[in-house]
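No lab work stands behind these numbers, since they all come straight from the coordinates. Owing to the predicted nature of the structure, the values given are computational and were not obtained by experimental measurement. Every residue, glycine among them, receives a Cβ derived from its backbone with ideal geometry; neighbour counts consider all protein chains shown.
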């Protein structure tokens, strides 16, 4: 198989980390995924007196000041702290550092920290004067605050972008990052997503859903992407990313055509696929199409990151992390192909194909 | 990077405080129209400074035919309407866009934050159970791009919304450029959209950057910005495609660059902006001496104007081209700002004039540039640079050229 974009540069994942309801960092993620232990827990009514849910999947023990160990966390919202801390972990994992001016950041979000926006406005509406708000809190109500803070924290002066695409945002961001690299606009891109549990997000989600079976989750996950030419370790290659819109709710056509387009770009058949997983919204038409197209073994090869709850924009990146974790824990001689299909009930589908290099393959070469 | 298509702009859709549609917008730019006026979008009681730049008389139903109106917040209504205008202006129908692969990417600062603000008001009055379900369901910022596809019935498209604040429009146009240039998509509909937001007004107000009357970029007496709203959308396609179908070409996108100050959440950084300009000119294969006009970010705050002009002068020196601020007319339209400025830059090239920096009385000695005060001037423009700078130190600079047959 080959990367699906003609002669353009191959893009590979060289490191990753996650701060998730499994815990802080890569190893709790690996352990949690292997054990499949549930991470939902009752919400402490003292901490969360007035949210519409009694249970959620929160990151345990995440206190920004403790994790980041630096001044400057006071005005940080939880989502930004999750993003900044996760980027820090990836930078520690990365064995072949790239200079900050060649390093970009691409962060997928749904709306940024809706709690920051709502809290700022609420303070203005309820104070004696509408002006009685802390101006220091204004910047964090802007969607790109988290990505900007990641750059400031680690001096990353390459392209810095915030991608909003709901539950497909993680994969749309991945494609954005891939294009930055293939167009030579960065040598490394830290590409991920972040989402926080909050009063504001819980109520917006509560009022916009009919189905409440998937509990709200939170966290951040970040991949380090580089051109293969940079020579870093190659955990996986991004072969193709394709996205479609479910026009007027036609998810069946959208998922079928996005998956077929990815397979065509890679020159492979469904039978060649080691793993297929979905993430994001649960839409029966999507499941039906994938069940018909792929083998039960492929559908079961990698656990679903749904166990972490509805993690919004992060769901796609958590699912890629689940693929990487599973591949790492069960190595194979030959290359394997994994598809991740992200679904947003608003009407978008995105599909990525990853090549996981086998131990008998020269890691620098696609077969 | 084997394939390198040339990328051209062939259709524009505009919603702005100085005109709707390309023709009205071009007239407004040429006449130096002011979009400033009292804010009506939200209650300004308790504020001493109460002006903004709103889009008056927007008729959503004229442009939005398929997606139910209540499914769209005002920002998505803007993006969808501007996109439909753009494809009409390009002489395209949605049928022609159904088969080829496309990219729809709209930049925004606030998404549907006006809806979020409404939910907060309901919460304050009646508790969280009183929040409106219809508004809650439409606040996801991704819908600004997605709903364009829904309205036009386009499935074979990728729909990332770009949330990089006040430079988001240039980010989106840059993304369209990369996707079309490499041949990965056949066309892109890109731009930016934002609606008036109490949160944004309040934020700028408390940072001390709202003007009492009008914005006066580069003026010694400037007192800040006015927040505004609007949308700019454009059709981007390969030169080959435009020539094959006999499309009018407004301008060619020559290149762009992105970088990040990594310095301060709100204060701009001179050296970093200068580097972004140099990267953009290099990407476009343009020498500084070839740039005929700069459309500045030009917010009209001292922090922005002085820093931005210093950065420009550090690259262009004594040869600094005329440098204008469209925000003097449009206010600061946030994520729409650099998209509207891209369109204005292309119209300036097409029609041979430089839009003025209005409300200008006396140029700040710390901003030693010719900002083309108050009255448009005729000019033969070949290359225009469009600056977009954002909170977070996110810089995005685009370079447009007049389409002249032979490649640069």
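Taking the C-alpha atoms only, the angle from helix A:114-126 to the longest principal axis of chain A is near 20 degrees. Peptides B:91-98, B:56-63, B:72-79 ranked from most to least packed give B:72-79, B:91-98, B:56-63, packing being the mean of other C-beta atoms within 10 angstrom over each peptide's residues. The relative contact order of chain B comes to 23 percent, based on Cα pairs under 8 Å that sit 6 or more residues apart. Residue ranges B:105-116, B:242-253 sort as B:105-116, B:242-253 when ordered by packing (mean number of other C-beta atoms within 10 Å per residue, highest first). With R₀ set to 51 Å, the beta-carbon distance separating residue A:360 from residue A:65 gives a calculated FRET efficiency near 0.65. Comparing A:176, A:154, A:145 in a Gaussian network model of chain A where C-alpha atoms under 10 Å apart are linked, the largest mean-square fluctuation is found at A:154.
Roughly what angle does helix A:284-293 make with the longest principal axis of chain A, taking Cα atoms, 0 to 90 degrees, to the nearest 10? Value to nearest ten degrees: 20. Over the range A:11-230, Cα pairs under 8 Å with separation of 6+ residues give a relative contact order of 32 percent. Taking the C-alpha atoms only, the angle from helix A:199-208 to the longest principal axis of chain A is near 60 degrees. Beta bridges per DSSP, both residues in the protein assembly as shown: antiparallel share near 70 percent. Scoring A:209-218, B:28-37, B:152-161 by mean Cβ neighbours within 10 Å over their residues and listing the highest first yields B:152-161, B:28-37, A:209-218.
For peptide B:175-184, the mean count of partner chain Cβ atoms within 10 Å of a residue's Cβ comes to 4.
Calculated on C-alpha atoms, the gyration radius of the protein assembly as shown divided by its Kirkwood radius gives an Rg/Rh of 0.95. Take the Cα of residue A:55, step 7 Å toward its Cβ, do the same at residue A:134, and the gap between the two points is 3.5 nm.
Each principal axis of chain B carries a Cα extent, and these read 62, 54, 39 Å when sorted largest first. For peptide B:122-130, the mean count of partner chain Cβ atoms within 10 Å of a residue's Cβ comes to 3. Among the residues of B:41-47, the average count of other protein chain beta-carbon atoms within 10 Å of the residue beta-carbon is 2.
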